[in-house]
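One structure is given below, encoded as structure tokens.
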Amino acid sequence: MKHFTSIHDVANLKELLAEAFLIKDNPFQHENLGKHRTMGLLFFNSSLRTRLSTQKAAQNLGMNTMVLNINEDSWKIETEFGVVMNGDKAEHIKEAAAVIGRYCDIIGVRSFPALKDRNADYSESVINQFIQYAGVPVVSMESATRHPLQSFADIITIEQYKKTERPRVLLAWAPHCRALPQSVPNSFAEWAVAAGYEVVITHPEGYELDPVFTRGATIEYDREKAYGNADFVYAKNWSSYCNYGKILCEDLAWTCNAKNMALTSHAKFMHCLPVRRNLVVSDEVIDSENSLVIEEAANRVVSAQTVLWKILQSI
Ligand code: CP
């Protein structure tokens, strides 16, 4: 594995999952693999889980880590080409990526979409420029369109708890007070289909995701039908892809609550966190014994460590 930005960088998901469970059982079995190697973690946006779990994963492999909050701890970075840099952005991404590539053996990048210009966001210019100019492997720590470390952790969690070979996994849209990216649902749909699950996606009309990401999944607009017999419910808000970045629905009937969960096959509840209680999910659902959110977050270390383990073997 050279870079890790999506499921398409994974040659064999079953093999990667098998390694993930070995790492989960014994996190220090490769503690010298990353000795004298450095991982740089670059955050254009806020993080709790990604920041801590990816550092911990790198350190479990013996790597040194450096964390930089871009635009806060460092110079503000210009990501466009051909602009006269006479504003507040003092450094261009082309030099920044190349310089960081000289300090680091692997670079993790978190860069959210601006949700204003769909073509610009979906071109993934920030992470692609790091890949182009850094000269070292790049790991997505959530880009404009995908969150693969989260999705891998989600699949590890489902594998840990599933009771049937091919569980019915529901990705259920839920309301939110702010416009959020499509990166988590895009990515989750791709990984869940690749894992061979029966994947159902439910959302109000107008929240259709880019079909590139949902191929192999069933879109079910009837929420009650969609929740029916689900083994896992992954609740998540996202803003509209068609009416790009807009909030079209605030109906709290879409909150993942006990009434919706009662339709399922005693489903496990999942969410990537952070989550807004009683908006995305009711207290009784997230606090129930079927809630996997903490184990899911714990598996972020496993997913990151497995990906870094794989990359370290190729450098
Ligand atoms: N799930 C996730 O990526 O969490 P953070 O935004 O806190 O990193």
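FYI, it's all coordinate maths here, none of it is from the lab. All values derive from a computational prediction rather than experimental measurement. Virtual Cβ from ideal backbone geometry, glycine too; neighbours counted across all protein chains shown.
Here the stretch 166-315 is treated as an ellipsoid with the same Cα gyration tensor; its semi-axes, largest first and in whole Å, are 24, 19, 16.
Other residues with beta-carbon under 12 Å from the beta-carbon of L180 carry, at +1 per Lys or Arg and -1 per Asp or Glu, a net charge of +3. Centre-to-centre, using Cα atoms only, the stretch 196-254 and the stretch 50-91 are separated by 33 Å. Net charge in the neighbourhood of V83 (other residues with Cβ under 15 Å of its Cβ; Lys, Arg +1, Asp, Glu -1) is -2.
Find out how many positive minus negative residues lie around R146, taking Lys and Arg as positive, Asp and Glu as negative, among other residues whose Cβ is under 10 Å from that of R146. Result for the neighbourhood of R146: -3. The GNM of the chain, with springs linking C-alpha atoms under 10 angstrom apart, assigns the highest mean-square fluctuation among I294, I107, I219 to I294.
Does anyone have the angle between helix 148-161 and the longest principal axis of the chain? Alpha-carbon axes, 0 to 90°, nearest 10? The angle comes out near 40 degrees. For the chain, the dipole from Cβ point charges (+1 on Lys and Arg, -1 on Asp and Glu) about the Cα centre works out to 420 debye, to the nearest 20. Binning the C-alpha pair distances of the chain at 10 Å intervals from 0 yields a P(r) profile of 6, 27, 34, 23, 9, 1 %, listed from the shortest bin outward. Applying 1/(1 + (r/R0)^6) with R0 = 35 Å to the Cβ-Cβ distance of V212 and D287 gives a FRET efficiency near 0.45. Calculated on the alpha-carbon coordinates, the convex hull of the stretch 99-185 measures out at 140 cubic angstrom per residue. Within the stretch 60-84, find all residues whose amide N lies under 16 Å from a label point positioned 7 Å from the Cα of K94 along Cα-to-beta-carbon. Backbone N within reach: 77-84.
Among the trypsin sites (Lys or Arg not before Pro) within the stretch 221-315, those in coil by DSSP and having at most 16 neighbouring Cβ atoms inside 10 Å are K246, R276.
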